[in-house]
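S.K.: Could you have a look at this structure, given as structure tokens, before my questions?
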Amino acid sequence: FRASGGTVVFPTDHYNMIYADIGLYSFTVGFFLADTVFYSLPELLHGMPAYFLHHCTAIQVQYGILTATRGSMTQIFPVMMGTEISSLFFNTAWILRAVGYRDSPLVGFLEKSFALSFFLCRNVNIS
């Protein structure tokens, strides 16, 4: 590598893909760890291990992708994050129900938006 204007320039895109993979892996693992600690770990402690196992498996799969083939995380990451769009509607509706807005028209809209986005983002997007 050579320094150019205070930045490091690598001779090929291969190195840039490796660093992009590490950055994306760090972001997604951070997301899953936070979600695991604040949501699925309390469920695990109450005897419901499914969500916790889901997160541990997802982290392991991402680690496998990162170590097995360099550069593939940057191709898979947009698809993975695209599937999480539906979670925004689900989580917002869940929060509103938890604070007492169970019968609100907004909750109904969010639930319908979740169903549609889940189908489009998780079924159509992946296939």
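The values are calculated or read from the model by the stated rules, or taken from the named source; none is laboratory data. Worth saying up front: this structure is predicted, and the values here are computed from it rather than measured. Counting neighbours? That spans all protein chains shown, and the Cβs are built from the backbone with ideal geometry, glycine included. The accessibility values were calculated without ligands, DNA or RNA, using every heavy atom of the protein model including side chains. Shrake-Rupley method; radii C 1.70, N 1.55, O 1.52, S 1.80 Å.
S.K.: Which residue out of PHE77, PHE109, PHE89 is farther than 18 Å from VAL37 by Cβ, at pLDDT 90 or above, under 16 Å from the mean Cα position of the chain (by Cα) and assigned to a helix (DSSP H, G or I)?
M.R.: PHE89
S.K.: Every residue in region 58-74 that is open to solvent by less than 60 Å² (accessible area, probe 1.4 Å) and at pLDDT 75 or above, please.
M.R.: Listed by number, the residues that qualify are ALA58, ILE59, GLY64.
S.K.: Which residues, counting only those in region 28-40, are open to solvent by less than 60 Å² (accessible area, probe 1.4 Å) and free of Cβ contacts under 8 Å to residues at least 12 places away in the same chain?
M.R.: Hits for region 28-40 are GLY30, ALA34.
S.K.: Report, ordered by the first and then the second residue, all pairs with beta carbons closer than 8 Å, sequence separation of six or more or different chains, a first member in region 80-104 that is in contact (Cβ under 8 Å) with a residue 40 or more places away in the chain, and a second member that is part of a loop (DSSP other than H, G, I, E, B) and open to solvent by 60 Å² or more (accessible area, probe 1.4 Å).
M.R.: GLY82/ASN125; THR83/ASN125; THR83/ILE126
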